[in-house]
Every structure is written in structure tokens, then in C-alpha cells.
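*Asks:* Quick one: the structure is below, and I'll ask about it shortly.
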């Protein structure tokens, strides 16, 4: 079994909470929420028709992103995990860690025409930990190492005792089962899914208090490996980290929004001390997912800033012949994106830096190109140590030693525009 970059980074953060490492996850677990529409619109869909990707096309994207090697975690449903992790052994020689959604509370039951998400969240679990670990019930200790041994557990607080107490009791039962089965988890805490339960000004503090309160009675053996929370700005993240530096704070991406929404959320949260970002719809709705992830990795590694990354991403799309969803000017805007599966918007927001909303929409020749075989493909070869098929940068090795966690990319911040242009022309084979 290959060494996992997630384990190495968490070990570094355990030794030094301020260690400059960042964990990226692709959340491809939407089939636990949306059903048929979860894989997203097919690239072949026309304006007059709606056709979604099939579940197999969705899983093929998971394969390509895993082979690309720039994320640390691939979050899936148990059914996808059964196919990719247990049947195909996709992660056996990959540094990417497979993970499953361990519960599916009712606020993410989003069938077309349904009204479940309008009622206060109730605890519910479709997934079996045994199925995630070995594919059948009553795994032997040896079998538990075959499949996914990491899961996301989700809680939604609504500031109502009758609603929240069952969620806390279900979380208690899950922790006990997970510890007995040597199953690791990370904790997702959504904003209330019922409007008006708590004011926007109070919400970030309320959530921080609920998180720290619910974990205060948990011994280290039952603690989550990290958190996944709505990003309510730097102050909220800093407050959590100042209270307990051992908490590894991660953010969730929410709805797609603009490319700048995604890139700037990652950048800003990292400045506040977040160490993990889990993006689902932001990745899945990207015009080219592998190129989009490439820029998330560059931003996470401090190699490029958000507005520059948006321009470079559009340059990639142009080179691929892929028409962007928005013009560059519009894609550089901040929008009010939803933070929950059901589409509820956060009441707290992150301020837009001065002048950024009117940033000039000049094309940037420093964009990283893409080596895919087709205009809508950016798939790398699944070699153990290859270059990333998206832009030719050297990928993190499949079995990286601890020292290899450092960024594999050039330090673009120290390069002049001329040097960057020369670098990318050479990488793209343009002379």
C-alpha cells in the first residue's frame, strides 16, 4: 500500500499546527444527495436539452483526478468506493486517500420535487462502515484495511433542542462504532438549514461554540481527524485555532459560483489558518476539472494568487478550445454563493478586496497549458511517477517520502512575467 500524502500532512500538523502544508479533497459524493443529477451536466448537453453524466462517467472523472495526483482525498459514496477502491484497487498504489460519506442527514435528501430539506435536519445513515472497509458485513480485522478507512460524518445544528439532541446522540453512536472498527472520520458541520433560527451576526460564534462544546467530552481516540465547516471569514477560523491549535480546520466549498469565488475562498481561508479545503460542486461544475484542480493546488501551495489564477485558467481553456461558462470579466467577480446542499446561502460573507471586482480582464499568457488528447480532455497517464497531464508540472510521487510534500512547482511569485512566459512556452512545446 502506497504512503498517503494525507497521513504525512496530518502528522506534520500534529507536530507543528502552523506547518505550511495544505490538504485538498475532491468531494465526489453528490450521489448521496441529488440522485440522477449528481454527476453534473454532460459536456455534450446542448442548450435545448438537459442530459446529465452517467454514474460511470462520474466515476471516470474520479479515476482521472486520482491519477492526476494533486488532491489528497477522494470523497465518494460507498457504492463508488466499492467499485474503485475494492474492485479496481485504484488507491493501492496512489498517495490519494479514498474516503466515504458515512452519513446522509435528511437536509441533503434533494430529489427533484422533494421538500425534505425544508424541514429541520434529522440524523440518518445509509452507509455501513463494514461495506466501506471490506465490502460486506462483519469484516475481519485484516479485511478492514482493504477499502476506505476514512469517512465524512455530517451534523447540522438548528438551535432547537428537539432537532439537535437526536443529531448529537447519533453522532455519539457513530463515534463508538468507528472507534471499535478502527475507522477514522472527519466532521462536517453545516449551517442551520432552517432560516431564522439564529441571526447572521451570531451564527459563526454559535457554530464555533457548538463544535468545541460537542468535542470537549470526546477523548483523543474518538476525535475527528479534521473539521469541514462553512467558511464565515477569517475571524471565525482564527477563533477556532486560537482556542485549540490541535483542531485542523477545513472549509467546504458550497455551490459553484464563479472561478474567483473558489480560488479566493481557498486563498483567504489559508491566510486565516485553515489547512483543508473540500470542493465538490466547484470542481464538478468547472469547464475542465483537471485544469481547475491544478490551480487549486497552485493556490494552496502559495504559488499563485486568485485573480492571476482565474486569468491563467481562462488561458488554459482558450488553448484547449473550451468555451468558458462566463467571460473573464464576470469570472473575476465575487458572488453570493450557497453554502449548503439545499441551496441556502450563508448570512456571513467575506469582504471583497478593494478594486478586485473591477480588475482588468486582460488575457494572461502565464496560464498553464494542458496536455489532453482532446479539447475536452485533460487526462494524465496513470503512471506511478509521471508529469501531470494537465500542465506538465511534475506530479507528487505516488509514494512520496515526507520530504516530498513540499510544492513540486516553480516559485511563480519570484519569476518575472518574461520568465513565466518562457517557462510555459517551453513546457507547452512552443519553442
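The values are calculated or read from the model by the stated rules, or taken from the named source; none is laboratory data. Remember, it's a predicted structure, so these values are computed and weren't measured experimentally. Positions of Cβ are generated from backbone atoms using ideal geometry, with glycine treated the same way; all protein chains shown enter the neighbour counts.
*Asks:* Given (1) within 23 Å of residue 117 (Cα to Cα); (2) touching a residue at least 40 places away in the same chain (Cβ under 8 Å); (3) assigned to a loop (DSSP other than H, G, I, E, B), identify the lone condition not met by residue 225.
*Replies:* Unmet for residue 225, out of (1) within 23 Å of residue 117 (Cα to Cα); (2) touching a residue at least 40 places away in the same chain (Cβ under 8 Å); (3) assigned to a loop (DSSP other than H, G, I, E, B): (1).
*Asks:* Applying the selection to the stretch 63-109, what residues are part of a loop (DSSP other than H, G, I, E, B) and either touching a strand residue (DSSP E or B) at 6+ places or on another chain (Cβ under 7 Å) or more than 20 Å from residue 151 (Cβ to Cβ) (or both)? Show your work before the answer.
*Replies:* As a first pass, look at the stretch 63-109 and keep what is part of a loop (DSSP other than H, G, I, E, B): 69-72, 77, 88-96, 102-105, 109.
Within the stretch 63-109, 69, 70, 71, 72, 77, 91, 93, 96, 102, 103, 105 qualify.
*Asks:* Which residue out of 277, 256, 286 is within 28 Å of residue 326 (Cβ to Cβ), in contact (Cβ under 8 Å) with a residue 60 or more places away in the chain and assigned to a loop (DSSP other than H, G, I, E, B)? Outline the logic, then answer.
*Replies:* Working: 277 fails: assigned to a loop (DSSP other than H, G, I, E, B); 286 fails: in contact (Cβ under 8 Å) with a residue 60 or more places away in the chain.
Sole residue among the options that is within 28 Å of residue 326 (Cβ to Cβ), in contact (Cβ under 8 Å) with a residue 60 or more places away in the chain and assigned to a loop (DSSP other than H, G, I, E, B): 256.
*Asks:* Do you know which residues across the stretch 158-185 are over 20 Å from residue 126 (Cα atoms) and buried (at least 20 other Cβ atoms within 10 Å of the Cβ)?
*Replies:* Once the filter is applied, which keeps residues that are over 20 Å from residue 126 (Cα atoms) and buried (at least 20 other Cβ atoms within 10 Å of the Cβ), the stretch 158-185 yields only 158.
*Asks:* Go through the stretch 34-44 and report how many residues are touching a residue at least 40 places away in the same chain (Cβ under 8 Å), part of a loop (DSSP other than H, G, I, E, B) and in contact with a strand residue (DSSP E or B) (Cβ under 9 Å, 6 or more places away or on another chain).
*Replies:* Qualifying residue count for the region: 2.
*Asks:* Follow-up question, since we're still on this one. Would a scan of the stretch 186-206 turn up a residue that is assigned to a helix (DSSP H, G or I), at pLDDT 95 or above and surrounded by 19 or more Cβ atoms within 10 Å (Cβ to Cβ)?
*Replies:* Filtering the stretch 186-206 for residues assigned to a helix (DSSP H, G or I) gives 203-206.
Next, only the ones that are at pLDDT 95 or above stay: 203-206.
From what is left, the residues that are surrounded by 19 or more Cβ atoms within 10 Å (Cβ to Cβ) are 203-204.
Yes, the stretch 186-206 contains at least one residue that is assigned to a helix (DSSP H, G or I), at pLDDT 95 or above and surrounded by 19 or more Cβ atoms within 10 Å (Cβ to Cβ).
Results for (1) buried (at least 23 other Cβ atoms within 10 Å of the Cβ); (2) touching a strand residue (DSSP E or B) at 6+ places or on another chain (Cβ under 7 Å); (3) without any contact (Cβ under 8 Å) to a residue 60 or more places away in the chain; (4) more than 23 Å from residue 269 (Cβ to Cβ), shown as yes or no for each residue.
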residue: 313; (1), (2), (3), (4): yes, no, yes, no
residue: 316; (1), (2), (3), (4): yes, no, no, yes
residue: 320; (1), (2), (3), (4): no, no, yes, yes
residue: 323; (1), (2), (3), (4): no, no, yes, yes
residue: 326; (1), (2), (3), (4): no, no, no, no
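*Asks:* If I go through the stretch 1-12 residue by residue, how many of them are over 19 Å from residue 252 (Cβ atoms) and out of contact with any strand residue (DSSP E or B) (no Cβ under 6 Å at 6 or more places or on another chain)? Show your work before the answer.
*Replies:* To start, the set of residues in the stretch 1-12 that are over 19 Å from residue 252 (Cβ atoms) comprises 1-5, 7-8, 11-12.
Subsequent filtering for residues that are out of contact with any strand residue (DSSP E or B) (no Cβ under 6 Å at 6 or more places or on another chain) retains 1-3, 5, 7-8, 11-12.
Summing the residues that are over 19 Å from residue 252 (Cβ atoms) and out of contact with any strand residue (DSSP E or B) (no Cβ under 6 Å at 6 or more places or on another chain) in the stretch 1-12 gives 8.
*Asks:* Checking the conditions here, which among 316, 310 is modelled with pLDDT of 95 or more, under 21 Å from the mean Cα position of the chain (by Cα) and part of a helix (DSSP H, G or I)?
*Replies:* Details: 316 fails: under 21 Å from the mean Cα position of the chain (by Cα).
None of the others qualify; the one that does is 310.
*Asks:* Could I ask something else about it? Considering (1) buried (at least 21 other Cβ atoms within 10 Å of the Cβ); (2) in contact with a helix residue (DSSP H, G or I) (Cβ under 8 Å, 6 or more places away or on another chain); (3) not in a helix (DSSP H, G or I), say which one residue 132 fails and leave the rest.
*Replies:* Condition not satisfied by residue 132: (3).
*Asks:* Right, here's the next one. Conditions: (1) under 29 Å from residue 8 (Cβ atoms); (2) in contact with a helix residue (DSSP H, G or I) (Cβ under 7 Å, 6 or more places away or on another chain); (3) assigned to a loop (DSSP other than H, G, I, E, B). Residue 245 meets all but one. Number of the miss?
*Replies:* (2)
*Asks:* Another question about this same structure. Just the residues that are out of contact with any strand residue (DSSP E or B) (no Cβ under 7 Å at 6 or more places or on another chain) and surrounded by 18 or more Cβ atoms within 10 Å (Cβ to Cβ), please, taken from the stretch 207-235.
*Replies:* 208, 214, 232
*Asks:* Name, by its number, the condition in (1) surrounded by 14 or more Cβ atoms within 10 Å (Cβ to Cβ); (2) in contact with a helix residue (DSSP H, G or I) (Cβ under 8 Å, 6 or more places away or on another chain); (3) in contact (Cβ under 8 Å) with a residue 40 or more places away in the chain that does not hold for residue 85.
*Replies:* Exception for residue 85: condition (2).
*Asks:* Considering each of 33, 111 in turn, give the residue that is farther than 30 Å from residue 246 by Cα, surrounded by fewer than 14 Cβ atoms within 10 Å (Cβ to Cβ) and in contact with a helix residue (DSSP H, G or I) (Cβ under 9 Å, 6 or more places away or on another chain). I'd like the intermediate steps shown before the answer.
*Replies:* Values: 33 fails: surrounded by fewer than 14 Cβ atoms within 10 Å (Cβ to Cβ).
Answer to the selection: 111.
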